[in-house]
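To keep things clear, I will list the structure first and then write my remarks on it.
The values are calculated or read from the model by the stated rules, or taken from the named source; none is laboratory data. As the structure is a prediction and not an experimental result, all values here were calculated from the model. Virtual Cβ from ideal backbone geometry, glycine too; neighbours counted across all protein chains shown. In case anyone asks, the SASA skips ligands and DNA or RNA and just uses the protein heavy atoms, side chains included. Shrake-Rupley method; radii C 1.70, N 1.55, O 1.52, S 1.80 Å.
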Amino acid sequence: MDPAALGTEIPLLTYGQEEDGISADKHALIIPPFMSRGKRVHPVSDSSMSLPPRPMDPKKDLAVYGYGSVAWKERMEDWKKKQNEKLQMVKHEGGNNDGDELDPDLPKMDEGRQPLSRKRPIASSKLSPYRLIILLRLVILGLFFHYRIRHPVNDAYGLWLTSIICEIWFAVSWIFDQFPKWVPIQRETYLDRLSLRYEKEGKPSELAHIDIFVSTVDPLKEPPLITANTVLSILAVDYPVDKVSCYVSDDGAAMLTFEALSETSEFARKWVPFCKKFQIEPRAPEWYFAQKVDYLKNKVNASFVRERRAMKRDYEEFKVRINGLVAMAQKVPEDGWTMQDGTPWPGNNVRDHPGMIQVFLGHDGVRDIDGKVLPRLIYVSREKRPGFDHHKKAGAMNALMRVSAVISNAPYLLNVDCDHYINNSKALREAMCFMMDPTSGKKICYVQFPQRFDGIDRHDRYSNRNVVFFDINMKGLDGIQGPIYVGTGCVFRRQALYGHDAPKKAKPPGKTCNCWPNWCCFCCKSRKKHKKGKTSKDKKKIRGKDASTQIHALENIEEGIEGYTGIDSEKAVLMPQIKLEKKFGQSPVFVASTLLEDGGVPPGASSASLLKEAIHVISCGFEDKTEWGKEVGWIYGSVTEDILTGFKMHCHGWRSVYCMPKRPAFKGSAPINLSDRLHQVLRWALGSVEIFFSKHCPIWYGYGCGLKPLERFSYINSIVYPLTSLPLLAYCTLPAICLLTGKFIVPELSNYASIVFMALFISIAATTILEIRWGGVGIDDMWRNEQFWVIGGVSSHFFALLQGLLKVLAGVNTSFTVTSKAADDGEFSELYLFKWTSLLIPPMTLLVMNIIGVVVGVSDAINNGYDSWGPLFGRLFFALWVIVHLYPFLKGMMGRQSNVPTIILVWSILLASILSLLWVRVNPFRSKGGLSLEVCGLDCE
């Protein structure tokens, strides 16, 4: 045996998977069998316990067994070094909360006390050159603009001035995009430590409760089968079942969604135990059975093959039932739908119906086929009435937030779109490694996971994966104050969504004001405004009221908190009832739930009373004259409510975390044809324009709060990028104009100017290459992102800017279009689907103009001779830059075209144009002899 093959470090669990270590019988050290599975245990000093020693052959050298060998000593030193580093990390991050002296054997004796996650900074060998190039590029930009401004083109002054304005804007937008990526980081979680701390053997799990929100609107555009797979992946997640509640918001009040959810709950009774028994991944059946892998690999259970085949048959039958419901729903009866008991479906009128709640799973008597408890599954459709502004998705999420607070009141929330299933069953545990960390978790408002997608073609023609944003920009933000909220795949702290400020450094009670420390934000704007011994204004208001008013306020509060534990009624009355109702609405039960930082519901409350209160909190008028959508919950005022919501929480001093587990936590579907993709980008850009013209614009909102400068830069960049469409349109038009007129935006270059231009191009390329290096993004992904930046900029962003101006100046509201989800009629079938839309006009115009410009420019150079080719190269390069960036758009316009490659069509058109012009230039009809009929051009007079 080679001594170098031996290892002495006990393998640890990371990301929930055991590392392949050396078996106990081959190890040089004697390890009890119960310690060889990667779990940390305390040593047992019982002398009666004996272990059989490993027999050694006296004829062999001890180095064979590992003892005394150089490799063994080096490994031991390396192991000790790692343990000391872990110990220093614990000391640095405050792992010793109880104030006891740290045990030198803490890293190996009490791993459960160590931090649940750690930062993994990017190597300085990658970041230092990157930062140096950024600074160097700033200097080069200064020299570039110094030359450009001081050397105008007099015979094309308008073109020159337009180009200068565009270039200045591009430079400013680059600064807003670049500097938030100054300190990128990565993170690593320790799921084994989470289990050691909160899931002790023989005791109930102490992991926190989580409420999961799934939002859906139109079942015809968001197929119920996709929603069902998302729900099934949630119900089968690797988390204690009594701590998971799934709420499905049906904002379209569709009976199809209701019936599909009923079928899903029945199928979940078989699917959930199957997933947990065999630990399969992913736990969405559609995507699990679609995997092109050998499902027998690493499966030693003889019953697995039999049960898998039976489960696949059950799922195929489930799909048939769901598809049957979809087919039936397309033929709506004249009198509307009726339920099984003969009563009309309450949601027949989508815009005028009462609130509906149905508990499918989680109540008594409903268990899986093995007799075990299932997570809660609750259907919610909020009330809708004419004349009320329902605030689209943000309003639906706030309704779910109130319903969940009344029924389950988990301290943490996860929201996912109906097409984003849980791809990693341990995703909730990954988030809890940050949220439940005793040292840093209290300041985290949400944990954002990157979006990953299925069903996208290999070349990702329209940059649907958006990996540049998720793998580069978001890592950079994580090193500042945290990533922005992207609308799905995000675990929230409920208290942060209630509009509370982030907790400050702990101070003894009574040092700041007479309010109790945990809830000071209810009764005063800031603790700094109060000194010891003084009374807050709100307490003065209560004390100034008459006795009957005080008693009435106390009775209402006590009515809501009756049955809750951990709330002091005397403390609760310090917060005036009128202020609580103004903030949260008139529901004593809900108001009382907001006071519980760790969540919980009244133990003695009946299900009927809680459901009655839940119906009340989703009524249309509940939010009137409250702070919902302003300071509480998802923020209103934009179709991209995600940016506003995250921005408000960061302004309250919270920080967020970006979690990128090795196995993607969530996966979804994306629109892959050109038209749907442009409409999706249009919606995002329109939301940014709405924020730009609102009071919450990051340019002027939130100063003096907890928002860091570079974080503000990122938010400014996220709302001003649609404005780039104007200079981008102008800049993409300039090449065609230059080729058609023979003018150019740059005068004849000197040696100095050539060096500056070359340095600028090299710095741009170097920045891109270094970003690729530390971000782990492919060069093709970066190029696709650059191409679609131009395509979306000249189409969707431009129309979003126009629509935003119409809304602000003329009050014209634009309708919200739900993006169609992936179809199942063939792989990439929608990629070649052509849907005409007005968004295609600007890029098509630019493409045609630049192609014509290239043809005219080349023809003119042929006509004028050799000397005209030199000035032409700059114009041609400029025009080809536009054409190459619009190439994916051209492919999308062409569609399949009978499978003829688009490049052949493009070159055919281009060559045909050039040959036609050359044919005219040769003039074959000219007479070969005799008198020439052409004008000689001489003035005979």
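As a summary of the residue check, E623 satisfies the conditions (1) more than 29 Å from R376 (Cβ to Cβ); (2) of a type outside the set (V, I, T); (3) open to solvent by 10 Å² or more (accessible area, probe 1.4 Å) except for the one numbered (1). Restricted to region 674-689, and to residues there that are out of contact with any helix residue (DSSP H, G or I) (no Cβ under 6 Å at 6 or more places or on another chain) and of a type outside the set (F, W, Y), the residue that is farthest from S838 (Cα to Cα) is G687. Please tell me if V808 is in a helix (DSSP H, G or I) and open to solvent by less than 50 Å² (accessible area, probe 1.4 Å). Judged against the criteria, V808 is not a match. Mind checking which residues of region 428-441 are open to solvent by 10 Å² or more (accessible area, probe 1.4 Å) and modelled with pLDDT of 90 or more? R429, M436, listed by residue number. On the stretch given as region 742-759, residues that are closer than 16 Å to F877 by Cα and of a type outside the set (D, E, K, R) total 9. Of R465, R458, all but one fail to be part of a loop (DSSP other than H, G, I, E, B), without any contact (Cβ under 8 Å) to a residue 24 or more places away in the chain and open to solvent by 10 Å² or more (accessible area, probe 1.4 Å); the exception is R458. Under the condition of being under 43 Å from the mean Cα position of the chain (by Cα) and open to solvent by 50 Å² or more (accessible area, probe 1.4 Å), the residues counted in region 727-743 number 1.
Table: residues versus (1) part of a helix (DSSP H, G or I); (2) not hydrophobic (A, V, I, L, M, F, W, C).
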| site | (1), (2) |
| --- | --- |
| I762 | yes, no |
| I769 | yes, no |
| I772 | yes, no |
| V777 | no, no |
| D780 | yes, yes |
| N785 | yes, yes |
| G793 | yes, yes |
| A800 | yes, no |
| Q803 | yes, yes |
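Per the listing S233, S205, the residue uniquely in contact with a Phe, Trp or Tyr (Cβ under 7 Å, 6 or more places away or on another chain), free of Cβ contacts under 8 Å to residues at least 60 places away in the same chain and within 21 Å of A665 (Cβ to Cβ) is S205. Scanning region 749-779 for residues that are without any contact (Cβ under 8 Å) to a residue 60 or more places away in the chain, open to solvent by 70 Å² or more (accessible area, probe 1.4 Å) and within 15 Å of Y147 (Cβ to Cβ) turns up L749, N751, I755, M758, F761. Quick one: would you say V373 is at pLDDT 85 or above and either under 23 Å from P588 (Cβ atoms) or buried (at least 20 other Cβ atoms within 10 Å of the Cβ) (or both)? Here the answer is no, as V373 does not meet what is asked. On the stretch given as region 669-726, residues that are aromatic (F, W, Y), within 20 Å of Y636 (Cβ to Cβ) and open to solvent by 30 Å² or more (accessible area, probe 1.4 Å) total 5. Of the helices (runs of 4 or more DSSP H) entirely within region 206-298, those holding at least 3 residues that are open to solvent by 40 Å² or more (accessible area, probe 1.4 Å) and not hydrophobic (A, V, I, L, M, F, W, C) occupy 255-278. Of the residues making up region 317-338, at least one is among the acidic types (D, E), outside any loop (DSSP other than H, G, I, E, B) and out of contact with any Cys (no Cβ under 8 Å at 6 or more places or on another chain). Scanning region 153-164 for residues that are surrounded by fewer than 13 Cβ atoms within 10 Å (Cβ to Cβ) and either without any contact (Cβ under 8 Å) to a residue 60 or more places away in the chain or within 18 Å of F757 (Cα to Cα) (or both) yields N154, Y157, G158.
Can G604 be described as assigned to a helix (DSSP H, G or I) and farther than 17 Å from D211 by Cα? No; evaluated as a whole, the condition is false for this residue.
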